[in-house]
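Taking it in order: structure first as structure tokens, then the write-up.
The values are calculated or read from the model by the stated rules, or taken from the named source; none is laboratory data. These figures come from a predicted structure and were not determined experimentally. Cβ coordinates were reconstructed from backbone atoms using ideal geometry, including for glycine residues, and neighbour counts include every protein chain displayed. What goes into the accessible areas is simple: the full protein's heavy atoms, side chains included, and nothing from ligands, DNA or RNA. Shrake-Rupley method; radii C 1.70, N 1.55, O 1.52, S 1.80 Å.
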Amino acid sequence: MADGQSNNKANRRQFIHSGLRGAVLFVFGAITTLLGLNSRKERTVWQIDPNKCIACSKCATNCVLTPSAVKCVNYFPMCGYCDLCTGYFEPNPVALDTGAENQICPTGAIIRKALEDPYYEYRIDEDVCIGCGKCVVGCVKFGNGSFFLQVRHDRCVNCNECSIAKVCPSDAFVRVPASSPYIFRAKENQS
Amino acid sequence: MNLRVKLILFLCSGMIFISQYVSFGIERFPPPDFEPGTYTMPQATKPPPRAHYWEYIDMALLLAALSLASYFVHKKRSRKHIFWLTLFSIFYFGFIRKGCVCPIGSIQNITLALFNNGYLVPFSVVFFFLLPLIFTLFFGRTFCAAVCPLGAVQDIVVWKPIKIKPWLENALRIIPFVYLGLAVLFAATGSAFVICEYDPFVSFYRLGGSVNMLALGGIFLVVGMFLGRPYCRFFCPYGAILSILSRFSKWYVYLTSEDCVRCQICDVACPYGAIASPTPTSQENNPIISKWSVFGVIGLTVLLTIGGAYFGGKLSVPLSKVNYVVSLAERIAGEESGKYKGQTDESKTFRERGGSIEQLYAEALKIRGNFATGGSIFGAFIGLIAGLKLIESRFTRQTNIYEPDRASCVACGRCYSYCPREIIRVRNLLKLRPIQKQE
């Protein structure tokens, strides 16, 4: 008698449990369908929209990586190859040479090389660049704006929520498809 | 495409060109025309992100690891195998994959995608969210046992775990639900991904990160030496969902229940306080009192739910400050009324772009409204969970043996190697095998 009762109880519990399992599976199915209608196959990565970026220097300190995954890029077709590069030199440089006191870059990551007179080439040494964007400010304000900050995907770990995006004051961090993970400034996008 | 559409598109693209040209004043210094052949212009490099096929490897390995974990827990019943899988998870899901997107964090992606049609979630994220849930539905929390890298790292640092009182344990287990509710609220309103922001171990797996997060991870690991899996038990929001699903999983961790000798060794061996003790027999002697306590506890649950909804709604104003739009609107409002002097980077950018302040206020108010609704639901949810916990603690199922509690057992398999009955059972199995072979 008692055995039959406990058996009954156990059967009832099993029945309820399998019912609950079915209900939960149904909910999962519903979620999948809902999301499936509205999902994309490809995964996305973080990138800075250079047209929104104000080079506030928060990228240098807020990335989960040290140094930051954000680096400066020089887009050469836009570069003026100026002698007095406002992205390279301090506002009032003592001399237009590679002396550290003249450079705006705190880590000396920009390599200046003389080409035919009066042009100079400016390359970014990405291993040294910390993504502070000081050069970007100078170049955008007074120059052609060929310097801009980009998330470098050989370093970026693609956090679920980018800790820089969280503090970005100009809302410049966007999700882009992993197949075209860079946003270069206007000129390339137009062509 | 007809001609008119083409024309409009052409004009639009022209306008975009002009607007960009004006706003950035590019080409103040025209790029030089180098003599052909004298200078090759360097290309700005574009290092690609992690290759696409890795995503499929991740998904396949997750499926494989979950299947193996379930096999080891239920079929092999072997702590040793589970331990090796734990090490693999630390190595692959931790150090190689470096965390994102993990099932715990994916709660937020799924929520945001459900509430915001503009947010598209890749298939792999849906997969990472659902697969462990489905496995839990059938096999219990085998995901926690050896697949989750956050659980794995806490599992191997357990050294001298202390027992905490069941009432305290029960009370603390409400925290994951609060965390889950908050995470869903913030994700649904598009404000923040708090789970990821306060993930204590991701910076450890990346071998870097802010000092605060590394310190938090360190604290969790040190505490974890003396209090088994502190994050999983008292914080993990995904664990909160799993603890509900595992209550009615098809298979679950059991010891040899029919001939338990009540030696209590499993209870001592379990570092996570997940072994349910036999219920004292004198509990339901007085039917009148127990009848009243039924009404009392159910009434209290209703009260807690209503009260939670009320206070949750009140929380909407402080909670909504986490949202970017709301905080910007508050800043701008403060600047307009002279409360704040000067501008922040945010307000300065907003003004320079010529955003409409009225529109910003309207948007912020709408988000705050969402927070009011969401906050009430959140509060009611917490009240309900607290009430259900009370009901559960009041009416535990009568048992006279020691057995793993289905909700809180993370299937680490330690009890298998301690239960004397289980050891005898395994030994008998091993003895029987050669005889069966001879026949």
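Taking the listed residues B:Phe381, B:Phe395, B:Phe371, the one that is at pLDDT 95 or above and within 30 Å of B:Lys250 (Cα to Cα) is B:Phe381, with no other qualifying.
For every residue, the table says whether it meets (1) closer than 14 Å to B:Ala152 by Cα; (2) more than 10 Å from chain A (Cβ to nearest Cβ).
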| site | (1), (2) |
| --- | --- |
| B:Phe72 | no, yes |
| B:Lys75 | no, yes |
| B:Ser78 | no, yes |
| B:Trp84 | yes, yes |
| B:Ser89 | yes, yes |
| B:Phe93 | yes, yes |
| B:Ile96 | no, yes |
| B:Gly105 | no, no |
| B:Gln108 | no, no |
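One line per residue, one yes/no per condition, for (1) more than 30 Å from B:Phe135 (Cα to Cα); (2) modelled with pLDDT under 95:
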position: B:Met213; (1), (2): yes, yes
position: B:Pro230; (1), (2): no, no
position: B:Gly239; (1), (2): no, no
position: B:Ser246; (1), (2): no, no
position: B:Leu255; (1), (2): no, yes
position: B:Ala276; (1), (2): no, yes
position: B:Asn286; (1), (2): yes, yes
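How many residues does the range B:76-99 contain that are outside any helix (DSSP H, G or I), of a type outside the set (Lys, Arg) and buried (at least 19 other Cβ atoms within 10 Å of the Cβ)? Number satisfying all stated conditions: 1. Filtering the range A:27-42 for residues that are open to solvent by 50 Å² or more (accessible area, probe 1.4 Å), within 30 Å of B:Asn117 (Cβ to Cβ) and touching a His at 6+ places or on another chain (Cβ under 8 Å) leaves a non-empty set. So which residues in the range B:100-121 are of a type outside the set (A, V, I, L, M, F, W, C) and part of a helix (DSSP H, G or I), if there are any at all? Within the range B:100-121, B:Pro103, B:Gly105, B:Ser106, B:Gln108, B:Asn109, B:Thr111 qualify. When we screen B:Pro161, B:Pro200 for residues that are at pLDDT below 95, outside any helix (DSSP H, G or I) and under 17 Å from the mean Cα position of the chain (by Cα), the only hit is B:Pro200. Residues in the range B:199-221 that are within 11 Å of chain A (Cβ to nearest Cβ) and surrounded by fewer than 18 Cβ atoms within 10 Å (Cβ to Cβ): B:Leu207, B:Gly208, B:Ser210, B:Val211, B:Leu214.
Quick check on my filter: what residues within the range A:135-161 are more than 30 Å from B:Ser106 (Cα to Cα), open to solvent by less than 20 Å² (accessible area, probe 1.4 Å) and not in a strand (DSSP E or B)? Lay out the reasoning, then the answer.
Of the residues in the range A:135-161, the ones more than 30 Å from B:Ser106 (Cα to Cα) are A:135-148.
Now narrow it down to the ones that are open to solvent by less than 20 Å² (accessible area, probe 1.4 Å): A:135-136, A:138-139, A:143-148.
If the condition is that a residue be more than 30 Å from B:Ser106 (Cα to Cα), open to solvent by less than 20 Å² (accessible area, probe 1.4 Å) and not in a strand (DSSP E or B), then A:Cys135, A:Val136, A:Gly138, A:Cys139, A:Gly143, A:Asn144, A:Gly145, A:Ser146 are the ones that fit.
Among the residues of the range A:23-38, is any over 30 Å from B:Pro200 (Cα atoms) and not in a helix (DSSP H, G or I)? So far as the range A:23-38 goes, yes, one or more of its residues are over 30 Å from B:Pro200 (Cα atoms) and not in a helix (DSSP H, G or I). The single condition from (1) closer than 22 Å to B:Ser243 by Cα; (2) open to solvent by 40 Å² or more (accessible area, probe 1.4 Å) that B:Gly118 fails is (1). When the range A:86-103 is filtered for residues that are modelled with pLDDT of 90 or more and in contact with a strand residue (DSSP E or B) (Cβ under 6 Å, 6 or more places away or on another chain), the ones remaining, listed by number, are A:Gly87, A:Tyr88, A:Asn102. Residues in the range A:79-121 that are touching a Ser or Thr at 6+ places or on another chain (Cβ under 9 Å), facing another protein chain (nearest Cβ under 10 Å) and either surrounded by 16 or more Cβ atoms within 10 Å (Cβ to Cβ) or within 21 Å of A:Asp154 (Cα to Cα) (or both): A:Cys79, A:Gly80. Applying a threshold of 6 Å to beta carbon distances and a minimum spacing of six or more residues, or different chains, the list of pairs starting in the range B:235-263 at a residue that is among the charged types (D, E, K, R) and ending at one that is assigned to a helix (DSSP H, G or I) and open to solvent by 10 Å² or more (accessible area, probe 1.4 Å) reads B:Lys250/B:Phe138; B:Asp259/B:Arg421.
Taken together, the criteria exclude A:Cys72 from residues that are at pLDDT 90 or above and either assigned to a loop (DSSP other than H, G, I, E, B) or open to solvent by 70 Å² or more (accessible area, probe 1.4 Å) (or both).
Only one of the numbered conditions (1) at the interface with another protein chain (Cβ under 7 Å from one of its Cβ atoms); (2) under 18 Å from B:Leu120 (Cβ atoms); (3) modelled with pLDDT of 90 or more is not met by A:Cys162, and that is (1).
Identify all residues within the range B:300-357 that are acidic (Asp, Glu), over 21 Å from A:Ala55 (Cα atoms) and under 36 Å from the mean Cα position of the chain (by Cα); write none if there are none. Let's see the steps before the verdict.
Taking the range B:300-357 first, the residues acidic (Asp, Glu) are B:330, B:335-336, B:345-346, B:352.
Then keep just the ones that are over 21 Å from A:Ala55 (Cα atoms); that gives B:330, B:335-336.
Of everything in the range B:300-357, just one residue is acidic (Asp, Glu), over 21 Å from A:Ala55 (Cα atoms) and under 36 Å from the mean Cα position of the chain (by Cα), namely B:Glu330.
Whether a residue is without any contact (Cβ under 8 Å) to a residue 40 or more places away in the chain, within 13 Å of B:Met59 (Cβ to Cβ) and not in a helix (DSSP H, G or I) was assessed, and B:Val125 does not pass this test.
Among residues of the range A:26-78 being of a type in the set (Gly, Ala, Ser) and out of contact with any Asp or Glu (no Cβ under 9 Å at 6 or more places or on another chain), the one that is nearest to the other protein chains (Cβ to nearest Cβ) is A:Ser39.
If we scan the range B:179-189, do we find a residue that is within 11 Å of chain A (Cβ to nearest Cβ) and either in contact (Cβ under 8 Å) with a residue 60 or more places away in the chain or small (Gly, Ala, Ser) (or both)? Break it down stepwise before answering.
Step one: list which residues in the range B:179-189 are within 11 Å of chain A (Cβ to nearest Cβ), which gives B:186-187.
Still in the list and also either in contact (Cβ under 8 Å) with a residue 60 or more places away in the chain or small (Gly, Ala, Ser) (or both): B:186-187.
Among the residues of the range B:179-189, at least one is within 11 Å of chain A (Cβ to nearest Cβ) and either in contact (Cβ under 8 Å) with a residue 60 or more places away in the chain or small (Gly, Ala, Ser) (or both), which makes the answer yes.
Take the residues in the range A:1-26 that are loosely packed, with under 13 Cβ neighbours inside 10 Å and among the basic types (Lys, Arg), then tell me which one is modelled with the lowest pLDDT. Among residues in the range A:1-26 that are loosely packed, with under 13 Cβ neighbours inside 10 Å and among the basic types (Lys, Arg), the one modelled with the lowest pLDDT is A:Lys9. Does the range A:176-185 include one or more residues that are more than 10 Å from every other protein chain (Cβ to nearest Cβ), in contact with a helix residue (DSSP H, G or I) (Cβ under 8 Å, 6 or more places away or on another chain), without any contact (Cβ under 8 Å) to a residue 40 or more places away in the chain and buried (at least 20 other Cβ atoms within 10 Å of the Cβ)? Within the range A:176-185, not a single residue is more than 10 Å from every other protein chain (Cβ to nearest Cβ), in contact with a helix residue (DSSP H, G or I) (Cβ under 8 Å, 6 or more places away or on another chain), without any contact (Cβ under 8 Å) to a residue 40 or more places away in the chain and buried (at least 20 other Cβ atoms within 10 Å of the Cβ). Does B:Lys165 fit the bill of being free of Cβ contacts under 8 Å to residues at least 24 places away in the same chain and either of a type outside the set (A, V, I, L, M, F, W, C) or under 28 Å from B:Gly383 (Cα atoms) (or both)? Here the answer is yes, as B:Lys165 does meet what is asked. Scanning the range A:95-118 for residues that are without any contact (Cβ under 8 Å) to a residue 12 or more places away in the chain and over 20 Å from A:Val137 (Cβ atoms) gives A:Ala95, A:Asp97, A:Gly99, A:Lys113, A:Ala114, A:Glu116, A:Asp117. Among what's in the range A:122-134 and is in a loop (DSSP other than H, G, I, E, B) and not charged (D, E, K, R), pick the residue that is surrounded by the fewest Cβ atoms within 10 Å (Cβ to Cβ). Of everything passing the filter in the range A:122-134, A:Val128 is surrounded by the fewest Cβ atoms within 10 Å (Cβ to Cβ).
Taking helices (runs of 4 or more DSSP H) that do not extend beyond the range B:303-399, which have at least 1 residues that are free of Cβ contacts under 8 Å to residues at least 24 places away in the same chain, among the small types (Gly, Ala, Ser) and over 25 Å from B:Ser293 (Cβ atoms)?
Details: elements: B:316-320, B:324-336, B:345-352, B:357-394.
Those helices (runs of 4 or more DSSP H) span B:324-336, B:345-352, B:357-394.
Of the residues B:Arg331, B:Arg368, B:Arg406, B:Arg353, the single one that is within 30 Å of B:Gln264 (Cα to Cα) and open to solvent by 30 Å² or more (accessible area, probe 1.4 Å) is B:Arg406.
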